1. Could you tell me how many of the residues in segment 280-321 are at pLDDT 80 or above and in a strand (DSSP E or B)?
2. Does any residue in segment 290-314 that is of a type in the set (Ser, Thr, Tyr) come within less than 6 Å, Cβ to Cβ, of a residue that is part of a helix (DSSP H, G or I) six or more places away or on a different chain, and which pairs are these?
3. Residues of segment 205-226 being aliphatic (A, V, I, L, M) and either touching a Gly at 6+ places or on another chain (Cβ under 6 Å) or under 29 Å from Arg93 (Cβ atoms) (or both), which ones?
4. Test Asp129 against the criterion of being among the charged types (D, E, K, R) and within 24 Å of the chain's Cα centre (by Cα), and give yes or no.
5. Please work out if Arg57 is without any contact (Cβ under 8 Å) to a residue 60 or more places away in the chain and surrounded by fewer than 19 Cβ atoms within 10 Å (Cβ to Cβ).
6. Could you give me the residue pairs with C-beta distances under 9 Å whose first residue belongs to segment 222-249 and is of a type in the set (A, V, I, L, M, F, W, C), whose second residue is modelled with pLDDT under 70 and part of a loop (DSSP other than H, G, I, E, B) wherever it lies, and which are 6+ apart or on separate chains?
7. Among (1) among the polar types (S, T, N, Q); (2) surrounded by fewer than 18 Cβ atoms within 10 Å (Cβ to Cβ); (3) closer than 21 Å to Asn133 by Cα, there is one condition Ser63 misses while meeting the rest; what is its number?
8. Of everything in segment 73-105, what is exposed (fewer than 15 other Cβ atoms within 10 Å of the Cβ) and either in contact with a Pro (Cβ under 9 Å, 6 or more places away or on another chain) or in a loop (DSSP other than H, G, I, E, B) (or both)? Give them in sequence order.
Amino acid sequence: MHHFRPRTPGFTRPPPAQHDTDLVIVLDDGWAAIPHWAARINAAEAAGNAALLHHHRVTLLRSAPNNDGFLPQPAHPQTAQELSDILHHIQPRPWSVDRVALSERLHNLAPSPHNVLLISDGIATLHDDTLRNALSTIATRSDLRWSACDVARLSIHSTTDHTQHAIAEVPASCPHDRVTLRAFDAQGGTLAQFTLSTGADTSLPLAPALRHQLDHFSLSGEHGVAGYYALGDAGHRRPVGVLPTPGSNTPLTGSDFFLNQALDTVSEHHDVPSTALGSTQISVLVATDGALSGDTTREHVLNWVKQGGMLIRFAGPGLAAQSSTPLQQ
């Protein structure tokens, strides 16, 4: 679990200019390292090339686990080309780093003098002290990092009226900034665009006709998975049509009043006259007792059902009094 704040530096020296011992490069390659990723790789390559030029051993340690939960094996490039090939094939992982496993790797280094260059993601973890202890026995150590203010973590929540809100969270020490949030459908099409102030709870007014298409939100820029929020099936409010009748929405007494309240908790419900069925995007239609009493209405609904629509019909005295119709058969 991460605390979303800058890490308290364990050491603040600049990268070593001397090249009198072997070099260990520790590369943070979790989700928080996505911003400035190219610059991080270039820094690792420059430091490694300088050590190789002076005929020193270079060891590359990565801090984010593989898919199997274990850290990648240390790499020991022998040439500048080999180092470049290794570094430029690395991509940041969509999860956090493992400071405990990294500390064990550092403890297992051969007992010889080393320079250690930590290319840090700048984010605090619960196990930073463990890493500091592992580094405390190493004479020359340096911490290279970029601003943690370049990473915003996106969170989405809904209020009781089903309006969605967004917060782009940055460390408390960072100045407030503006970021762009986009809403996407499942095919990657943009549904809407919003401007957020970091740290502020912002309402996301989205037209009901678009809300059921919503699949995920994403912050513009290099925020990686921290700036991505997938709604999943639980976030989709499917459109449901209700056949209206005169007075059906009258509070407490209308035939649709309590039905609409129930539908509001799980769907986007719309009053859809039978004449409008062909032009709406609903796939489910609810008809309360008496809503299908007209011949024209029944004909429109029957044609819509034949085209693949689903009708949910409520029973009642009106239905019981009617003779058999194609919708009852």
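1. Counting residues in segment 280-321 that are at pLDDT 80 or above and in a strand (DSSP E or B) gives 7.
2. Thr297/Ser274
3. Within segment 205-226, the first condition is being aliphatic (A, V, I, L, M), and the residues that meet it are 206-207, 209-210, 214, 219, 225-226.
Once the filter is applied, which keeps residues that are aliphatic (A, V, I, L, M) and either touching a Gly at 6+ places or on another chain (Cβ under 6 Å) or under 29 Å from Arg93 (Cβ atoms) (or both), segment 205-226 yields Leu214, Leu219, Val225, Ala226.
4. On the way: among the charged types (D, E, K, R): yes; within 24 Å of the chain's Cα centre (by Cα): no.
So Asp129 does not fit the description; no.
5. Numbers: without any contact (Cβ under 8 Å) to a residue 60 or more places away in the chain: yes; surrounded by fewer than 19 Cβ atoms within 10 Å (Cβ to Cβ): yes.
Yes, satisfied.
6. Val240/Val266; Val242/Ser248; Val242/Asp256; Leu243/Asp256
7. Of the numbered conditions (1) among the polar types (S, T, N, Q); (2) surrounded by fewer than 18 Cβ atoms within 10 Å (Cβ to Cβ); (3) closer than 21 Å to Asn133 by Cα, the odd one out for Ser63 is (2).
8. Gln73, Pro74, His76, Gln78, Thr79, Asp85, His88, His89, Gln91, Pro94, Trp95
The values are calculated or read from the model by the stated rules, or taken from the named source; none is laboratory data. Just so it is clear, the model here is predicted, and its values are computed rather than measured. Positions of Cβ are generated from backbone atoms using ideal geometry, with glycine treated the same way; all protein chains shown enter the neighbour counts.
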